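The values are calculated or read from the model by the stated rules, or taken from the named source; none is laboratory data. Keep in mind that this is a model prediction, so the values were computed, not measured. Cβ coordinates were reconstructed from backbone atoms using ideal geometry, including for glycine residues, and neighbour counts include every protein chain displayed. Side chains are part of the model used for accessible areas, which takes the heavy atoms of the whole protein and leaves out ligands, DNA and RNA. Shrake-Rupley method; radii C 1.70, N 1.55, O 1.52, S 1.80 Å.
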Amino acid sequence: DGKREILEVFANRLKRFGDHVSWGVETITTQREIEEYIRSDHEKFADLIENAPVGFYSVDESGRFLFVNSTLAHWLGLDVEIEAQHELRLHDLVWPRPPDSIPAFSPFADSSARNGEVTLQGPNGRKLLVYVRQDVVNVQGVDPSGKAGIRTRSIVHDLTREREFERAKTLDRDALAGHRRGVRIGLVRLLHQRLHLLQAGALAVGVEED
């Protein structure tokens, strides 16, 4: 019927029976299809995370980056390859740099905060106003000794464009309000001029009648 089947062939040597070999065949088509679906789904999810319109990052208790998605790396001028950031710490990107009393994994001025506005500045020198939402997770067995460690799951929203858009709307509203004021002033002046002309005409008619 043209249907593709994936078979797993295996052989076992039977020493007790004169070194005979036992051959077996097992259909694993369904298993492979499930594995392919999971792999494809994982790749789609990974691509979504990498190219999402928001930034994602994760750091450990020392502030060392474990993951930075392509979006955040582009905003800050970072190398996408995390291995290239092995010397970089979270506080290196926070402007102004937080005091030493703030945990290395937190970008906030308040060490107890889990979300808020932060200004980031990358190697490209660009300052970026962002809103960060961060979850802090204690993870067991992060090193060979089995010691627990901290991992963050952080989402970064770029507020710069949002604020620029708000400023642009304010400017547009101010310009429109100014235009409307100008129109009203022009109408008032025009009405005054018309009234003056009407009054002048009325006076002229009265003189002629006299």
Say whether the condition of being open to solvent by 80 Å² or more (accessible area, probe 1.4 Å), in contact (Cβ under 8 Å) with a residue 24 or more places away in the chain and more than 21 Å from Leu66 (Cα to Cα) is met by at least one residue in the stretch 110-126. yes
Test Ala204 against the criterion of being under 35 Å from the mean Cα position of the chain (by Cα) and either open to solvent by less than 80 Å² (accessible area, probe 1.4 Å) or at pLDDT 65 or above (or both), and give yes or no. no
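Here's a check for you: in the stretch 78-91, which residue that is modelled with pLDDT of 90 or more and outside any strand (DSSP E or B) is nearest to Asn138 (Cα to Cα)?
Result: Leu90.
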Residue among Val130, Val137 that alone is surrounded by 14 or more Cβ atoms within 10 Å (Cβ to Cβ) and not in a loop (DSSP other than H, G, I, E, B): Val130
Just to verify a result, which residue in the stretch 42-77, among those that are touching a Phe, Trp or Tyr at 6+ places or on another chain (Cβ under 9 Å) and β-branched (Val, Ile, Thr), is nearest to Val137 (Cα to Cα)? Val59
For the stretch 140-167, what are the residues that are outside any loop (DSSP other than H, G, I, E, B) and in contact (Cβ under 8 Å) with a residue 24 or more places away in the chain? Gly149, Ile150, Arg151, Thr152, Arg153, Ser154, Ile155, Val156, His157, Asp158, Thr160, Arg163
Cross-chain or 6+ apart pairs with Cβ under 8 Å, the stretch 66-82 first and surrounded by fewer than 18 Cβ atoms within 10 Å (Cβ to Cβ), then modelled with pLDDT under 85 and part of a helix (DSSP H, G or I): Leu66/Ile82; Phe67/Ile82; Asp79/Gln85
